[in-house]
Amino acid sequence: MAVLAATLTTAPFAAATEIEPPKVTISPVDWTAAAAALKDAGAGTPAEQFAKLNAISDKRFPGIAKSSVPVLAPFDLDAFKADADKPEAATADKYFGPFHPTKYFLPGPAGFTGTYNLDVGGGPFKVSYKKKPVEIEITGAGFTYDLDGPNHEEVFPPKDKELATLFPGIKRILREAHVRYAFERFGVPYIVSIQCYDQRVSSKYLSCREADPIAEAFLKKLAVVGGTPQTIAEPHLDLTRPTAPSDFTYYAPGDLIPNTGWKKMPGRVDYHVYALMRFPIAEAPAYVKSQSFMPWGDCYRSGHTGRIGKKDATYTCKVNGLPLIFNESAAVNFNYPWRDNFCELRDFLVGQCPGGYGHQGEDIRPANCVMDNEGSDRCEPYQHTIAAVRDGLIWRLPGNLAAYLILNNANEFVRFRYLHMNPKFMDDDGLVTGRVVKEGDIIGKVATWGDYESGTSYHLHFNMQVVTKSGWVWVNPYMSLVLSYEKLIGGRGTELHEGDPLPPVPAKPPVILHPPVTAATPGSTETKTETAEPKKPLVKRVREKVRKFIRRHRRHKPRTETDE
């Protein structure tokens, strides 16, 4: 994508609402009260008492002194102190009861966050789900993000009455496929969270009724294990945009393809930039585009008219009747303008979307489509690279479909999620919990991995979460992506609104890996064309994948937050 010289255009930018920084609330940490909760900390100021504690607990919580809030953990500090000189003290999990600490512990200026695993099957707890360990996450926030509505969630008092005594004001929250226990202590918001589903007990997923006793036991084991008194400053993000014009155009945030929201509801108008970042696709150009309601899309359970499955066949999605063709390489899929799809029709819980359901993030296509042969109707995977958007810590269990990148600094308490890369490749590359990456590091390639290879279109799904008093919440990354892309290309984009004249869509034929081969006939001046051996027809390939998927999933399971 070339930035246009200023002499080529004098047209002003389309009228647009300017990007905004997020709104936050600083936590008023009461370190005196936190120090009073310590056992055998000795005399001295809170800073001196916590410095002594950090020197001990750092052996199990590396970097704990960086936390701007008191760190809570399910940790038997007395037993650990008694064993501090023993070699096994640095690695034994016995101090954590049934909970196993992971390599995901990130303290910093914004607070701390970390996870603990419970053995497959739940250890001492009755858990029908036995596919993977149960992950319990705890976060303590030095500041929380104040989000505009809507704010869909269900709030209840805790089932265990003892928790209300131990943690006055504690709330049990069901939000975005997690049960969360949110409370304040020492002026700090803390959230304990477990991914679960508010449905019947099943071996296919963790139900919230089975997650509750785990969370309750975890809460009762919490102890203050470290942190450092420090000033928590108001976060600041430099939202300066490039001034040079460019050919980059994008629809306004919340402006979905017509009628493609949940029950045809509108999108979310959100001009906030929640984090500064590098654009996640390594090289420009790239395109934020719907994968369901553009050419080759499946209309996501909303129905269609016409034929899907034959190359270049015409069809429409019933929600809006817009003309589509069954060809993933269609030029409109790989050209501007961008279009927001954060609240596009999906059956995922998204508290920030008008109907409480949506897409959770943005789908991004890379520069172009590469096809196997001229008869193909879809793009080949692994043709473009994906980059780390910031320095941060990776959170991902081996085999998981999604990889998170977490930031904890003076200006941001944010995490990003990458989806649809090949999990086998991510495992081989060591993209798992505990890995530290630098901004710009290549961490994978754009792929088509849904529940299996070729299970989705060729794109990267990119999400963003911020810490609120209800825990980690999906927010719309659209304007954060706009700003990061403008910085990548060195030019300012133009915002479009429904009804604005659109620039023509340039022709952009796909790259063909195996084009027809022209060969001379022996003893003749004539030539003949030999077509490269094509892949199996798409319909046959899809049917084979569906059969395999059904065999692996005999019974229905809810779609998880890492499905799409």
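Among the strands (runs of 3 or more DSSP E) confined wholly to segment 335-440, which include 3 or more residues that are crowded, with 23+ Cβ neighbours inside 10 Å?
In segment 335-440, the matching strands (runs of 3 or more DSSP E) lie at 361-365, 402-408, 413-419.
Report, by residue number, each residue of segment 83-99 that is part of a helix (DSSP H, G or I), under 26 Å from Ala34 (Cβ atoms) and at pLDDT below 95.
Ala89, Ala90, listed by residue number.
Tally time: how many residues in segment 310-333 are within 18 Å of Lys289 (Cβ to Cβ) and not in a strand (DSSP E or B)?
Of the residues in that region, 11 qualify.
Scan segment 284-296 for residues that are in a loop (DSSP other than H, G, I, E, B) and within 18 Å of Ala367 (Cα to Cα) and report the count.
Of the residues in segment 284-296, 9 are in a loop (DSSP other than H, G, I, E, B) and within 18 Å of Ala367 (Cα to Cα).
Counting only residues that are surrounded by fewer than 19 Cβ atoms within 10 Å (Cβ to Cβ) and within 22 Å of Leu349 (Cα to Cα), which one in segment 442-466 is modelled with the lowest pLDDT?
Asp451
Write out, first by first residue and then by second, each pair whose Cβ atoms fall under 7 Å of each other, whose residues are 6+ apart or on separate chains, and whose first residue, in segment 489-516, is of a type in the set (Asp, Glu) while the second is part of a strand (DSSP E or B).
Short answer, once both residue conditions are applied: Glu495/Tyr250.
Within segment 75-122, which residues are of a type outside the set (A, V, I, L, M, F, W, C), over 20 Å from Ile406 (Cβ atoms) and surrounded by 17 or more Cβ atoms within 10 Å (Cβ to Cβ)?
Tyr95, Gly97, Pro98, Gly122, listed by residue number.
The values are calculated or read from the model by the stated rules, or taken from the named source; none is laboratory data. Computed from a prediction, not measured in an experiment: that's the story for all the values here. Positions of Cβ are generated from backbone atoms using ideal geometry, with glycine treated the same way; all protein chains shown enter the neighbour counts.
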